[in-house]
Amino acid sequence: MPTLTEIQEGIRQAVVVGDDAAVAPWLVGGRDGRKRLAIHRRHYHASLVSALLDRFPATVWLVGTACVAEAARRFVQRRPPTRPCIAEYGEDFPAFLAAERGAADLPYLRSFVELEWHLGEISLAVTRPPLGQADLSSIDPATLADLRITVQPGLHYFHAEWNVDTLIRLYLTNDAPDRFLLERGDAWVELRGARGDLRFRRLTHSGFTFRSALSAGRSLGDAAVAALDLDAAFDAGDALATLIADGLVTAGEVHHPGGTQ
């Protein structure tokens, strides 16, 4: 008698991989149990392909349903879900799609699809109460360099070598011109999402570096040095004040080098 683990693994192999050798002896009733099992396998694959198409509507708009659907079918076969939530499925799809035959003619494709993925990720974030300037006024100026902040959960910093943010904005606003020239050039973009509301804007390289470093948990001093390496005129104090004024800081705490607070 097979164990529950063996039965589960056998069903997974049959549905996900298509290898029903292990479960065939357990199928009873009807004329052909394998055909009934095949229905479940087709439904499994079709559901995941549909989920990917729903997850990347801008990509479908850009390159067409047939192209994305065919790539999605291969992706589902080679990279089955590893998490229980289907909404989290597809993080590797941008790289997979960009490696497909014919994608070399679209060198910006991976950046575009990655941008869409990130927008989808932050779109359902719930905004937390932001800190104001007064909340940080009690911090000793001598320890400000060791300040680490927490930013809004729907915040992401994205760098692309193509102006894909302009392109995806055309999709989101349904305002595509008769002719559009996608230019190559660094785009340093701040993405903000909250309960379906999406906003994104370009930043300077130094501003992007400062904000992304802080959002990654680096200290104010480290973030400022990274930004100053790019722009000697960068004002970290003013940049922090602007970040707070934008309502993007939800917590702040000084972490001393020795680990004490």
**Request:** Treat each spin label as a single point 7 Å out from the Cα along the C-beta direction, and report the ASP105 to GLU91 distance in nm.
**Result:** 3.3 nm
**Message:** What are the extents of the Cα atoms of segment 120-261 along their three principal axes, in Å, largest first?
**Reply:** 58, 35, 23
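Return the FRET efficiency for the residue pair ARG179, THR150: r is the Cβ-Cβ distance, R0 is 41 Å, and the value is rounded to the nearest 0.05. Let's see the in-between values first.
Working: r = 44 Å, r/R0 = 1.07.
Given R0 = 41 Å and the Cβ-Cβ separation, E is 0.40.
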**Fill in**
Taking GLU116, GLU190, GLU253 and counting other beta carbon atoms within 10 angstrom, the fewest-first order is GLU253, GLU190, GLU116
**Asked** Over segment 120-261, what is the relative contact order in whole percent, taking alpha-carbon pairs under 8 Å and six or more residues apart?
**Response** 37 percent
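Throughout, read-outs are computed from the coordinates displayed, never taken from laboratory work. If you're wondering where the values come from, they're calculated on a predicted model, not measured in any experiment. With ideal geometry, Cβ positions are generated from the backbone for all residues, glycine too; neighbour counts draw on all protein chains shown.
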